[in-house]
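The values are calculated or read from the model by the stated rules, or taken from the named source; none is laboratory data. Please read these numbers as outputs of a predicted model, since none were measured by experiment. Cβ placement follows ideal geometry from the backbone for every residue including glycine, while neighbour counts extend to all protein chains displayed.
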Amino acid sequence: MVGPVLIVGAGVAGMTAAVELADAGVHTVLVERLSTVGGNALRLYKAFPTDDCFFCFEGNRWRPGIRKCFYRSALTDQPNIDLRVNTTVVDISGTPGSFTVRLRTEPTYVDPKKCILCGLCTTRSEAFKLSSPQCQPQTVSVDPTLLDDEARRVASECPTHAIDLDATPSEDTLVVSDIVIATGYHEFKPQGVQEYGYGEHPNIITQLELAEMLDPTGPSGGVLLRPSDGAPVERVMMVQCVGSRSVDHFPFCSKICCVFALKHANIIAQEHNGIRVDVVYMDIRTYDRHERYYRMARRAGVGFIRGRVSRVVPRDDGRLDVVIYDSLLDQYLQYEVDLFVLSSALEPSEGTAALISQLGLQDRSGFVAPVEDGSVDGVMAGDHVFVCGTALGPAEVPESVTQARAVVSRILQGGV
Amino acid sequence: MSEAGEHSTTPVTLVDPIDISTLDPHFRNEIRSMPNGDDLYACFACTTCTAACPIACQWTYKPHQLIRMILLGMRNEVLSSKEIWECLTCFQCQERCPQGVRVTDIIFDCKNLAAEEGLVPENILGLGRQLLESGQLYQVTADWEREDLGLEPEVPGLDPEPMKAILHGTRTGRLVGGGD
């Protein structure tokens, strides 16, 4: 008997697995630590390989109607999906095929079925905000640390009585037949890699932080401004392999950062007139069919410097002086840049290590390792335990979807 | 956040880097706008051109470095380099380039630009003058080789005079100072 199935993490992989299992008639419990589904992809303006806004292209292409409505229709209306946001796995016990799972849910304070996004609370109190225009469930989120008298007054005036500020955390215990780990990745914050000065100057940022700056729905409306003083950005420099391919940090290639950086370089070169972009790299690894991004970037005039950063020195005018060793020329070059963007490694997301130890799984550089004698698809992590997406290690969106579908196929075949 | 003086990750080094702001950012567009320069940007510095070059082992700037210098805007260094004039024009670099960069042709473009700026090396100018003065680079002399081969002492029909006249009216004439 298959189901219910617990899916941990509602990013690309988790959502795909949930929708496909649910559509096949299997009851699924989709657990998400944050208040919105979407994972890291929610923070991307455009996603490769199609360069569409992420929320417009992913999902089931065969589903009738507008693809954009995929999340709303599936995650909130598909009766076989039990979506639980603000929820973490506390404990797993039992035996394969019959796991007992204890979940803890922090209060959301706002009932998504009642919230009509009228904006009354978000305009009057800082405690209420819409985390993203694409957030799902489509509802206001609450920062409990900012709750004050005004916030309580606003809550009482909610026209649909959707807000309950007295809500408390709850726990629930379920029995599930299979567990799918789709806990994704976290972008490494490279404070520890000294030469780049991350955390020491506001104009030194990571690629995901750049993605948010480029997002037309973001705070600056997609205009690139220096975080230090709001001046327009004229020169951007990116550095590849920050923390990746290093025995001191992450010994693996994070795989997607090259294309991620090239995609951003292309967006800047093509959509932001006159901004110069240079990319410092040791290898550009555009695997699969992504070589076109590299050629496109070179054609668009993006500069590529094979070498490494000697030093980054902040100037009084808000710019940074960056000295690069160019290994092709055997020369040192000095650039003035407004924005210094680090293509940082992908690390396992918070909580992955706990799941690995609770379920007795194998670990591969902190990510979940597939069992060695398992299937060729590499998505089995243990008996009735599956893994897909970046919980397995760095992967792009189509790969995460393919792995999630492989998991669904395995579960429908009886979990083996 | 720290100010310039107290930046903790900045080691004191003896590095004297090339300041990019002193280079010519338009140089790459200048080359790109020339007849063979369109694919200049496609270069991804694989160094196939340098591997193919029969003479680069003797050069300070290898072919891939010349392309890199063009992209960076090192106009003076490229146009006054000896390398562009020593190119054998065997076209091996261009034939092998996986990205379709017309390396040899770009080196020709560089020579043309250098010539316009009076940067032609003296030995090349000497060749130009010889062409202008004698209408040919190699004098055919009535020596024993022609005799051994049973050829008449003078090359039949060879008349360098029209060539001289034409060259005087060309850019070669202007560059070596003997033309209009």
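Only one of (1) surrounded by 17 or more Cβ atoms within 10 Å (Cβ to Cβ); (2) over 19 Å from A:S327 (Cβ atoms); (3) among the β-branched types (V, I, T) is not met by B:T50, so which one is it? Just one mismatch for B:T50, condition (2).
Restricting to region A:51-97, and then to whatever is of a type in the set (S, T, N, Q) and at pLDDT below 70, can you tell me which residue is surrounded by the most Cβ atoms within 10 Å (Cβ to Cβ)?
The selected residue is A:S73.
Here region A:262-307 is the region considered, the condition is being more than 17 Å from A:L210 (Cβ to Cβ) and among the polar types (S, T, N, Q), and the residue that is nearest to the other protein chains (Cβ to nearest Cβ) is A:T286. The set of residues from region A:339-376 being loosely packed, with under 15 Cβ neighbours inside 10 Å and charged (D, E, K, R) comprises A:E350, A:D363, A:R364, A:E372, A:D373. Taking the conditions exactly as written (in contact with a strand residue (DSSP E or B) (Cβ under 8 Å, 6 or more places away or on another chain) and either assigned to a loop (DSSP other than H, G, I, E, B) or farther than 28 Å from A:L103 by Cβ (or both)), does A:E195 satisfy them or not? In short, yes. Here B:W59 passes the criteria (1) within 20 Å of B:A114 (Cα to Cα); (2) modelled with pLDDT of 95 or more; (3) within 11 Å of chain A (Cβ to nearest Cβ) except the one numbered (3). Residue-level check: of (1) within 8 Å of another protein chain (Cβ to nearest Cβ); (2) within 27 Å of the chain's Cα centre (by Cα); (3) over 16 Å from B:Y41 (Cβ atoms), A:V341 misses just (1). Screening A:G199, A:G221 for residues that are within 14 Å of chain B (Cβ to nearest Cβ), within 26 Å of the chain's Cα centre (by Cα) and surrounded by fewer than 14 Cβ atoms within 10 Å (Cβ to Cβ) leaves exactly one candidate, A:G199. Residues in region A:315-324 that are of a type outside the set (A, V, I, L, M) and more than 8 Å from chain B (Cβ to nearest Cβ) were compared, and the one that is farthest from the chain's Cα centre (by Cα) is A:D317.
Of the residues making up region A:389-416, those that are in contact (Cβ under 8 Å) with a residue 40 or more places away in the chain and farther than 22 Å from A:T286 by Cα are A:A404, A:R405, A:V407, A:V408, A:I411, A:L412, A:G414, A:G415. Return yes when A:E336 is among the charged types (D, E, K, R), surrounded by fewer than 20 Cβ atoms within 10 Å (Cβ to Cβ) and over 23 Å from A:Y281 (Cβ atoms) and no when it is not. It is false that A:E336 is among the charged types (D, E, K, R), surrounded by fewer than 20 Cβ atoms within 10 Å (Cβ to Cβ) and over 23 Å from A:Y281 (Cβ atoms). Among the residues of region A:357-378, those identified as over 20 Å from the mean Cα position of the chain (by Cα) and either β-branched (V, I, T) or under 30 Å from A:L224 (Cα atoms) (or both) are A:V371, A:V376. Any residue that is touching a residue at least 40 places away in the same chain (Cβ under 8 Å) and at positive phi - is there at least one of those in region A:338-353? Checked region A:338-353: at least one residue is touching a residue at least 40 places away in the same chain (Cβ under 8 Å) and at positive phi.
Remark: pairs (first residue in region A:113-130, outside any loop (DSSP other than H, G, I, E, B); second residue of a type in the set (S, T, Y); Cβ separation under 6 Å; 6+ apart in sequence or on different chains) = A:F128/A:T122; A:K129/A:T122. When region B:108-138 is filtered for residues that are under 17 Å from B:P35 (Cβ atoms) and either touching a Pro at 6+ places or on another chain (Cβ under 8 Å) or free of Cβ contacts under 8 Å to residues at least 24 places away in the same chain (or both), the ones remaining, listed by number, are B:D109, B:E116. Only residues that are within 11 Å of chain B (Cβ to nearest Cβ) and charged (D, E, K, R) were counted across region A:173-196, and they come to 1. Flag not set for B:R129, criterion: within 19 Å of B:T89 (Cβ to Cβ) and charged (D, E, K, R). State yes or no: is A:A155 in a loop (DSSP other than H, G, I, E, B) and more than 23 Å from A:C388 (Cβ to Cβ)? Answer is no for this residue.
Please indicate, with yes or no, whether at least one residue in region B:21-36 is within 13 Å of chain A (Cβ to nearest Cβ), among the charged types (D, E, K, R), under 21 Å from A:L333 (Cβ atoms) and assigned to a strand (DSSP E or B). Looking for residues that are within 13 Å of chain A (Cβ to nearest Cβ), among the charged types (D, E, K, R), under 21 Å from A:L333 (Cβ atoms) and assigned to a strand (DSSP E or B), one finds none in region B:21-36, hence no. The number of residues in region A:28-44 that are more than 12 Å from A:L83 (Cβ to Cβ) and either in a strand (DSSP E or B) or in contact with a strand residue (DSSP E or B) (Cβ under 7 Å, 6 or more places away or on another chain) (or both) comes to 3.
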